[in-house]
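The structure appears below as structure tokens.
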Amino acid sequence: MNEKLTKSQHTITLKTFFGFEETLADELHELGYAECTILNRAVQIKGTWKDVYFLNLHSRCAISVLIEISKFMIKDEKDIYKKAKEIQWTELFDIKKSFAVKGAIFSNLFSNTKYPLLLVKDAITDSFREKYEERPNVEISRPEVLIDLYVKENQATISINTSGAPLFQREYRKETGLAPMNEVVAACLIRMSGWDRKTTFLDPFSGSGTLVAEAALLASGIPSNIERQFYAFKNLLNYDSELWDSIYDAVNYKIRELPGKIIGSDINDTMVLKARRNIRNFAFSRAVEINGMNFNEVKSNDEPVFIITNPPYGERMGDRINELYEAIGNWLKHSMTNSVCWIISSNDDALKSIGLKTSVRQKVFNGDLECSFRKFEIYAGSKKHVEPTE
């Protein structure tokens, strides 16, 4: 096992979606990383390459795991190329591996924000040409090695994106519907909600089952990325397969029982079949209920139920959207007493139609859609006295 990978400390940046930075930090604390710096759409820690391997597998709330290789000040565009050229690229990856440079530029030094990325790309190809008289291929869509450039005014950071493809590509979900929820968003919503992982979990609009699957994975302790095979760090010259195997093999993925009920339901039988297929490879699949029924057919019988759901809120619902949300409110009041319900939606008018007071609301994004994630607490008294949504 390579001692440099397990002992040398580096700056590790885990990216996430806007609004979920503290949620990701909370997850990192649970995973044993006490010192975290919260950034915009990211959380930063110190760690080794062993931590990089571990976090790619175990983080449910990160989109990608970056490891810093150079950080420097710049005065003009020439400094980007000069500093990038100083990096020993030929010692990082093989010429046969394809690569790409992506990132974010927030600097008045550049009128074209893509130009700094091209400068880093040129520095890499020139480094290989000088040594081998040829260059590696540039592959934008699915590179084997992904380099990240971040420029904020006069400071630039070059990192290796050790994940490659975003970590929401879990590879367990084989089938989806028209508007599937991102897996990282689902995992973040579940953690943000405060679900105790034991109380009965219900998604009454489960679709292809993303929230249900992420809840079951969290409750079981099985990493959400257990089915994923591709990680960009495997294409680097320092890749230690023995170290990776030791981290992967330490996971108990044969868990068949869950600490509480996990239930999904959907009125669309095709989506029910897709949801069942998406979790069938997990040992706990028989412990998860996915039923073909309308949401208002589900009843709590006054037993506590923890609901997280993503009901329809798109334009295709038309004028029926408010009627649907009003029906959800009536169902909660009359059939789901002693329960907690979290709803994510981009339609504020529809949310008002629920007719229950919101106890917590968070601004989050589901893809490019700005949404509100709201908590409703349904007590027995809710049947008699309902306060309007604020």
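Worth a mention:
- The DSSP beta bridges internal to segment 3-161 are antiparallel in roughly 75% of cases.
- Whether segment 183-292 is rounded, prolate or oblate, judged on the alpha carbon gyration tensor where a/c under 1.5 counts as rounded: prolate
- Close amide H contacts of Ile290 (hydrogens built in the peptide plane, cut-off under 5 Å, sequence separation of 5 or more or a different chain): Gly264.
- For segment 268-273, 3J(HN,Hα) per residue [Karplus equation, 6.51 cos²θ - 1.76 cosθ + 1.60, θ = phi - 60°, Hz, x = Gly/Pro]: 8, 4, 5, 5, 4, 5
- Cα gyration tensor category, rounded, prolate or oblate, for the chain with a/c compared to 1.5: prolate
- For the chain, adding -39500 (n - 2.57) for each run of n ≥ 4 DSSP H residues and dividing by the number of residues yields -9000 deg cm²/dmol at 222 nm.
- Rounded if a/c under 1.5, otherwise prolate or oblate - segment 1-115, Cα gyration tensor axes: oblate
- Here the Karplus relation 6.51 cos²θ - 1.76 cosθ + 1.60, evaluated at θ = phi - 60°, turns the backbone of segment 11-25 into coupling constants of 7, 10, 10, 9, 8, 8, 8, 4, x, 10, 4, 5, 5, 5, 4 Hz, with x for every Gly and Pro.
- Amide H to amide H distances under 5 Å link Leu167 with Ser64, where only residues 5 or more positions off or on other chains count and H is placed in the peptide plane.
Every number in this text was worked out from the coordinates using simple rules, so none of it is lab data. Note that this is a predicted model, so its numbers are computed, not measured.
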